[in-house]
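K.L.:
I am attaching a structure below and will ask some questions about it afterwards.
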Amino acid sequence: MSTTASQVSAIPVRLGLRENLAQFALLVLVNGCVGAMVGIERSILPLIAEQEFHLAARSAALSFIVVFGVSKALTNYGAGRAADRYGRKVVLVAGWLVAAPVPFLLMWAPSWNWILATNVLLGISQGLTWSTTVIMKIDLAGSQRRGLAMGLNEFAGYFALAGAAFATGWIAARTGLRPAPFYLGVVFFVVGLALTALLVRETSTHVAFESSLQRSSAGSWSPREVFWRTTVTDRNLSSVSQTGLVNNLNDGMAWGLFPLVFAGAGMTLTQIGLLTAIYPATWSVVQLATGALSDRIGRKHLIVGGMWVQAAGIGLTARGGRFGEFVAGAVLLGIGTAMVYPTLLAAIGDVAAPSWRASAVGVYRLWRDLGYALGALLAGITADVMGVSGAIWIVAGITAMSGAAAAVRMDETRRLSVAS
């Protein structure tokens, strides 16, 4: 990182949401554009797989989520290391540049392999952009309002995702599945890149300043050590990683199978777009409260309880057949995810020292977003063997067991943050 602790005194740096309100609000808006880029696929790409490319096997139809999840997961890890080494803004700009061809490829891809290649690019872009906005908000917020900061970040991304999912479903119902729904992606790309390149400022100075205030906890760790601590040896960081993986495992399943469940139950394209949007919309709004709540009551209970609420929502969707039942399942799944998502990121910030925090976030997001790929693979294979309902019930059970594992193994990390 180019800015060292010895340079901090020459730079007017303050930590906190209020002290950095303009930049924080700008990053919230940028992350809204990041989330919307994924949202343009959310409600209609499984239908495109079936109706335009005639992919009958669920495992083949869900392959776009597998390649998205793997490429995003691997990029998350690299983004964390790159942000520590080269600074945050350059990584964020690079992520937007990778996204440039995505909406055009989705409009005009002549075969399913082109869709898969597009989702590799989308995954790389999301790994660079979303990871970096998370890291930058943690940099700005300091330790006291970290949960609120993550709630605001994830609210922006997933509320925009929900809005884009509904909008593309609505457009598709009136104009067809392609190309018109993906015009929105061009707008999101242009706005996101312009805001980032012209207005976003580097936050590495905030990291150096926080490190200078926490010399006792700012140990130096190699990339291998950070990887193993976050994955295995630190009971709190590894619990966060496994819970994040399962959270996105069920999200990958929902992304791929729920639109097919809704279509099989006779829902219209507009209803499918609405149902697909309710889950991330609930998630985005509720985590404004849960992120801040975790700053008051701690992280662990929200993480464990949230996984169990998710399992209940998934089960309700599996047994439902009517619009109202699907709405209730989506709301429960959204509430449970809101309890977990910002809280996991805040817990990483509690445990990891500023000097290796971005790298730890990268490792966590590596495992978390591999959940997309594992969820799509599991859902696709089990749906081909057991039917869609059976696949959804299996994922509900895995989600419940993940919450139980966190209840047994994880400590309350908020106390660790206060103690430091």
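The values are calculated or read from the model by the stated rules, or taken from the named source; none is laboratory data. Owing to the predicted nature of the structure, the values given are computational and were not obtained by experimental measurement. Note that we place each Cβ from the backbone using ideal geometry, even for glycine, and neighbour counts take in every protein chain shown. Only protein heavy atoms, including side chains, enter the accessible area calculation; ligands, DNA and RNA are left aside. Shrake-Rupley method; radii C 1.70, N 1.55, O 1.52, S 1.80 Å.
K.L.:
Hey, any hits in the range 233-244 for a residue that's under 18 Å from the mean Cα position of the chain (by Cα), open to solvent by less than 30 Å² (accessible area, probe 1.4 Å), within 23 Å of ALA396 (Cβ to Cβ) and hydrophobic (A, V, I, L, M, F, W, C)?
P.N.:
Yes, that holds for at least one residue.
K.L.:
Has the range 314-336 got any residue that is of a type in the set (S, T, N, Q), within 17 Å of THR243 (Cα to Cα) and open to solvent by less than 10 Å² (accessible area, probe 1.4 Å)? Step through it out loud before you land on a result.
P.N.:
Initial filter on the range 314-336 (of a type in the set (S, T, N, Q)): 317.
The next check asks that each one be within 17 Å of THR243 (Cα to Cα); those that pass are none.
Scanning the range 314-336 turns up no residue that is of a type in the set (S, T, N, Q), within 17 Å of THR243 (Cα to Cα) and open to solvent by less than 10 Å² (accessible area, probe 1.4 Å).
K.L.:
Going through the range 45-82 one residue at a time, which ones are in a loop (DSSP other than H, G, I, E, B) and either charged (D, E, K, R) or open to solvent by 10 Å² or more (accessible area, probe 1.4 Å) (or both)?
P.N.:
Let us first name the residues in the range 45-82 that are in a loop (DSSP other than H, G, I, E, B), namely 52-57, 62.
Scanning the range 45-82 gives GLU52, PHE53, HIS54, LEU55, ALA56, ALA57.
K.L.:
Oh, and also: Where in the range 165-259 are there helices (runs of 4 or more DSSP H), lying fully within it, with 3 or more residues that are at pLDDT 95 or above? Walk me through how you get there before you give the answer.
P.N.:
Values: elements: 183-199, 204-213, 223-228.
Of the helices (runs of 4 or more DSSP H) lying wholly inside the range 165-259, those with at least 3 residues that are at pLDDT 95 or above span 183-199.
K.L.:
Going residue by residue through the range 349-358, is there one that turns out to be in a loop (DSSP other than H, G, I, E, B) and either over 21 Å from the mean Cα position of the chain (by Cα) or surrounded by fewer than 24 Cβ atoms within 10 Å (Cβ to Cβ) (or both)? Outline the logic, then answer.
P.N.:
Our first condition is that a residue be in a loop (DSSP other than H, G, I, E, B); within the range 349-358, this holds for 352-353.
Now drop any that are not either over 21 Å from the mean Cα position of the chain (by Cα) or surrounded by fewer than 24 Cβ atoms within 10 Å (Cβ to Cβ) (or both), which leaves 353.
Checked against the condition, which is being in a loop (DSSP other than H, G, I, E, B) and either over 21 Å from the mean Cα position of the chain (by Cα) or surrounded by fewer than 24 Cβ atoms within 10 Å (Cβ to Cβ) (or both), the range 349-358 yields at least one hit.
K.L.:
Just the residues that are hydroxyl-bearing (Ser, Thr, Tyr) and either in contact with a His (Cβ under 6 Å, 6 or more places away or on another chain) or within 30 Å of LEU293 (Cα to Cα) (or both), please, taken from the range 102-147. Even if it seems obvious, please write down each step before you answer.
P.N.:
We begin by selecting, within the range 102-147, every residue hydroxyl-bearing (Ser, Thr, Tyr); these are 111, 118, 125, 129, 131-133, 143.
Across the range 102-147, the qualifying residues are THR129, SER131, THR132, THR133, SER143.
K.L.:
In the set MET150, MET136, which member is out of contact with any Gly (no Cβ under 7 Å at 6 or more places or on another chain) and not aromatic (Phe, Trp, Tyr)? Spell out the reasoning first.
P.N.:
Values: MET150 fails: out of contact with any Gly (no Cβ under 7 Å at 6 or more places or on another chain).
Exactly one residue qualifies, and that residue is MET136.
K.L.:
Mind listing just one residue for me: the one in the range 245-268 that is crowded, with 18+ Cβ neighbours inside 10 Å and among the polar types (S, T, N, Q) and, of those, farthest from GLU412 (Cα to Cα)? Before you say what the answer is, go through the steps one by one.
P.N.:
Applying the first criterion (crowded, with 18+ Cβ neighbours inside 10 Å) to the range 245-268 yields 245-262, 267.
Still in the running and among the polar types (S, T, N, Q): 247-248, 250.
Working: ASN247: 19, ASN248: 22, ASN250: 24 Å.
Ranking the candidates gives ASN250 first.
K.L.:
I'd like the residue in the range 83-101 that is of a type outside the set (A, V, I, L, M) and open to solvent by 10 Å² or more (accessible area, probe 1.4 Å) and, out of all such residues, is nearest to LEU377 (Cα to Cα). Break it down into steps so the answer makes sense when it comes.
P.N.:
We begin by selecting, within the range 83-101, every residue of a type outside the set (A, V, I, L, M); these are 84-89, 95-96, 101.
Right, trim to open to solvent by 10 Å² or more (accessible area, probe 1.4 Å) and you get 84-86, 89, 101.
On the way: ASP84: 32, ARG85: 34, TYR86: 35, LYS89: 34, PRO101: 26 Å.
Selected residue: PRO101.
K.L.:
Then there's this: So, in the range 135-168, of the ones that are over 21 Å from the mean Cα position of the chain (by Cα) and of a type in the set (Gly, Ala, Ser), which residue ends up least open to solvent (accessible area, probe 1.4 Å)? Walk me through it before giving the result.
P.N.:
Of the residues in the range 135-168, the ones over 21 Å from the mean Cα position of the chain (by Cα) are 142-144.
With the extra rule that they be of a type in the set (Gly, Ala, Ser), the set shrinks to 142-143.
Details: GLY142: 3, SER143: 30 Å².
By that ranking, first place goes to GLY142.
K.L.:
Condition check: closer than 13 Å to LEU27 by Cβ, open to solvent by 10 Å² or more (accessible area, probe 1.4 Å) and not in a loop (DSSP other than H, G, I, E, B). Does PHE104 satisfy that? First the steps, then the outcome.
P.N.:
Working: closer than 13 Å to LEU27 by Cβ: no; open to solvent by 10 Å² or more (accessible area, probe 1.4 Å): yes; not in a loop (DSSP other than H, G, I, E, B): yes.
No: the conditions fail for PHE104.
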